[in-house]
Ligand code: ATR
C-alpha cells in the first residue's frame, strides 16, 4: 500500500507541493499519495492528530501554522530549533518529529545557480519568519557575514540578538533602511512586499552581485531594480523546489536532483 502525505495550511489551494512530490515520486519510482489539507485557523492540532492517527506518514506545514507545528514536536532538528518553525513533520517511535527545510532549500537553489555562498557577505531584507528560517543553513553553507535590514529596525535587532544566542560566533548585524549602503555579494528579499504588491526601493549606493527574491510568480520591484543594475537574479521557485526535495529525502531516504525540476 502506498504511503500518505499532505501539505496543511490556510489557505492551501495555491500550494504546489502535491505536484512537486508526485513528480519526485515518479522520477524516483516511489508510489505515494500527497494531498492538500485545509485546516481551520483554530483547528491545526486536531487536523494533524487526525492525519497521523489515520496512518499518515508525513506532513508539510505552510502558512500560518509553522510556529504551531514547532510547538507540537517532541523531537526537533537543530535547524528547526533555531528557526522556531517547522515545515516538515513525521512520526517515529510514536513521537512527532519536526524539521525546517526552507533554509536548505534556499541554499540548494543558490548553489544550483552557481552563485558562491562560501565566504560571501549577504544582505537580507526583512526580519520575519522567512528570514529567521534561512540564517543557520546559510551560515552552515559557509557564508561569512549576514546583515539584516528591516523597515522596523527594532524587529531586526531582536532577531539578531536572539540568533546570536542560538548560533555561537555568528557574524550578524541589523541595520535600518536609512543606513542601507555598502557592498554585498548577494541580496535576498525575504519581505512579504512582493506578495502584497508593495514596492521596495533600494538606494543607488547599495552595490551587489546577485539578487534573490523569495517570492515567485509575482511582480517584484526588488528584482526590477536588480535587473536595472544588470546583475543575475532569481525568484523563489528554486527555493520552493529545494525545500520540497529536502522534505522528500527525509521521508524517503532518496534525493531527487533539483535541476530536473526547475
Ligand atoms: P514572513 O513570515 O513571511 O517573514 P512576516 O513575519 O509577516 O512574514 O514578516 C514580513 C516581513 O516583510 C517583515 O520584515 C516586514 O517588515 P516589518 O517588520 O517592518 O513589518 C517586511 N515587509 C512587509 N511589507 C513591507 C514593505 N512594504 N516594505 C518593507 N518591508 C516590508
- line: Distance in nm between residue 74 and residue 224 label points, each 7 Å along Cα→Cβ, equals 5.2 nm
message: Stokes-Einstein diffusion coefficient for the stretch 1-138 at 10 °C in a medium of 1.306 mPa s, Rh from the Kirkwood formula over Cα pairs: what value in µm²/s?
response: 99 µm²/s
task: Using label points projected 7 Å from each Cα along Cα→Cβ, tell me how many nm separate residue 144 and residue 169, to one decimal.
output: 1.6 nm
field: Relative exposure of 194, 53, 120, judged by other C-beta atoms within 10 Å (fewest first)
entry: 53, 120, 194
- request: Give the order of 172, 206 when sorted by the count of other beta carbons within 10 angstrom, beginning with the fewest.
  value: 206, 172
message: I want to verify a result. In a Gaussian network model of the chain, Cα cutoff 10 Å, which of these has the top mean-square fluctuation: 46, 215, 25?
response: 46
- request: Please report the relative contact order for the stretch 3-100, taking Cα pairs under 8 Å with a sequence separation of at least 6, and give it as a percent rounded to a whole number.
  value: 28 percent
message: How long are the semi-axes of the equivalent ellipsoid of the chain, taking √(5λ) for every eigenvalue λ of the Cα gyration tensor, in whole Å from largest down?
response: 32, 20, 17
- request: Would you mind checking the radius of gyration and Dmax of the stretch 159-262 based on alpha-carbon positions, in Å?
  value: 16.4, 47
- prompt: Can you tell me the Rg and the Dmax, both Å, for the Cα atoms in the stretch 103-238?
  reply: 13.6, 38
message: Explain nothing, just the number: relative contact order of the stretch 103-238, from Cα pairs under 8 Å at least 6 residues apart, as a whole percent.
response: 22 percent
query: Can you give the extra length, in nm with one decimal, that the chain gains between residue 38 and residue 205 once fully stretched, where that is 0.36 nm per residue apart less the Cα-Cα distance?
result: 55.6 nm
field: At q = 0.23 Å⁻¹, base-10 log of I(q)/I(0) for the stretch 57-109 (Debye sum, equal scatterers on each alpha carbon)
entry: -0.79
statement: Least to most buried among 205, 97, by other C-beta atoms within 10 Å and fewest first, runs 205, 97
statement: Per GNM of the chain with C-alpha springs under 10 angstrom, the most fluctuating residue out of 88, 196, 35 is 196
- prompt: In whole percent, what relative contact order does the chain give with Cα contacts below 8 Å and a gap of six or more residues?
  reply: 16 percent
- line: Over all viewing directions the Cα convex hull of the stretch 2-44 casts an average projected area in nm² of 3.0 nm²
field: Where labels lie 7 Å past Cα in the beta-carbon direction, separation of residue 161 and residue 27 in nm
entry: 4.4 nm
message: Could you tell me how far the Cα centroid of the stretch 68-107 sits from the Cα centroid of the stretch 113-137, in Å?
response: 19 Å
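Read-outs: derived from the displayed coordinates by stated rules, not from any lab. Just so it is clear, the structure is predicted and the values come from calculations on it, not from any experiment. Neighbour counts are summed over all protein chains in view; Cβ atoms, including those assigned to glycine, are modelled from backbone coordinates with ideal geometry.
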